[in-house]
Ligand code: GRG
Ligand code: ZN
């Protein structure tokens, strides 16, 4: 099996987060999540201090709106997705206390997005009809990280998520929508945070998730689609949450993730031969961390500068586990 080259990945992640230019401009609309992906990956690799902490914190606060939501970049509108990313960044930098009184505003923002059937919209600035199980997860995860889950009607949230479980055992964007591993992560994660996983058919879901593994070892997001490294997070973490990660071949999945790593410039792509990016770099490394700590994968890691161990990751909140023990 190929080894994980920590130094190359660290260099790739730092370059992506600090180099100004065309790519930087083109990714402004998702910048807050980009910072979360890079910081989390660096922390898992033991190199969190490679990015300037104070600058990162100032950036987060420059994206906080009057209504308590965070936007991906200044002058964009706030959404629940970037609000979760912002809170995740503050958790990684151990700076949530800097929210002070504004924490109440953030909670109000999250609460304002819930509909009477328990579903969530993504932003007050979006089309009010557009609900998505991603928004449910982001809302519940944000409140969890702020220790404020009791601020919301969680039973309605659970009812809505349960209504999104399909006949095949998996979940979609809304009630009756096509099953997709990304939405499965969001629905299973929401139920896990609310300690209601026992209320769904985990056996059927386990079969659907295990079926995502293709002969190449990689996982796809739904039947008949191509393998993609990011499902090594969305699908594998869901299997871990329902305690069925042993249902897939770990060694083959780890080999697939490592084969999508760029040996020249570092970083991980969606699949071998494609261009690496911070999103797939995080979810590839996070998948390897899950495999190491839940399935005792024997992963070889090389580095001249860092500890040769990946930190364990929390399968629900996608943050290094040591941080969650602290809060
Ligand atoms: C990371 C903790 C954490 C939270 C984020 C926003 C969110 C919460 C989760 C997104 C879950 C999701 C929907 C992931 C899927 C992303 C993806 C690869 C979409 C691609 O969909 P298609 O249809 O690709 O283009 P396929 O693979 O089906 O061909
Ligand atoms: Zn992907």
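One chain, two ends: residue 61 and residue 22. Fully extended at 0.36 nm per residue, the span grows by 11.6 nm beyond their Cα-Cα distance. How would the chain be classified by its alpha-carbon gyration tensor: rounded, prolate or oblate, with rounded meaning a/c under 1.5 and the a/b versus b/c comparison settling the rest? Oblate shape, in that a/c is at least 1.5 and b/c is the bigger or equal ratio. Between residue 163 and residue 216, the modelled label-to-label distance comes to 3.8 nm, taking each label 7 Å out from Cα in the direction of the beta carbon.
For the peptides 236-242, 124-130, residues were scored by their other Cβ atoms within 10 Å and the scores averaged per peptide; the highest-first order is 236-242, 124-130. Sorted ascending by nearby beta carbons within 10 Å, beginning with the fewest, 231, 29 become 29, 231.
Shape call for the stretch 80-176 from the C-alpha gyration tensor, a ≥ b ≥ c root eigenvalues: rounded (a/c under 1.5), prolate (a/b greater than b/c) or oblate? Judged from the Cα gyration tensor, the stretch 80-176 comes out prolate (a/c at least 1.5, a/b above b/c).
With 5 Å bins from zero, work out the P(r) of the stretch 1-101 over every alpha carbon pair and list the percent per bin. Computed distribution, short to long bins: 2, 13, 24, 23, 18, 10, 6, 2, 1, 0, 0.
Which stretch or stretches of the stretch 118-132 have amide N atoms under 20 Å from the point lying 7 Å from residue 153's Cα along the Cα→Cβ direction? Residues 118-124, 128-132 qualify, since their backbone N sits under 20 Å from the label point. The alpha-carbon atoms of the stretch 202-327 define a convex hull whose volume equals 111 cubic angstrom per residue. Helix content alone sets the calculated 222 nm mean residue ellipticity of the chain: runs of n ≥ 4 DSSP H residues at -39500 (n - 2.57) each, divided across all residues, give -14500 deg cm²/dmol.
For the chain, the relative contact order is 20 percent, taking Cα pairs closer than 8 Å that sit 6 or more residues apart in sequence and dividing their mean separation by the residue count.
Every number here is computed from the coordinates shown, using simple stated rules; none is lab data. Keep in mind it's a predicted model, so treat the numbers as computed, not measured. Counting neighbours? That spans all protein chains shown, and the Cβs are built from the backbone with ideal geometry, glycine included.
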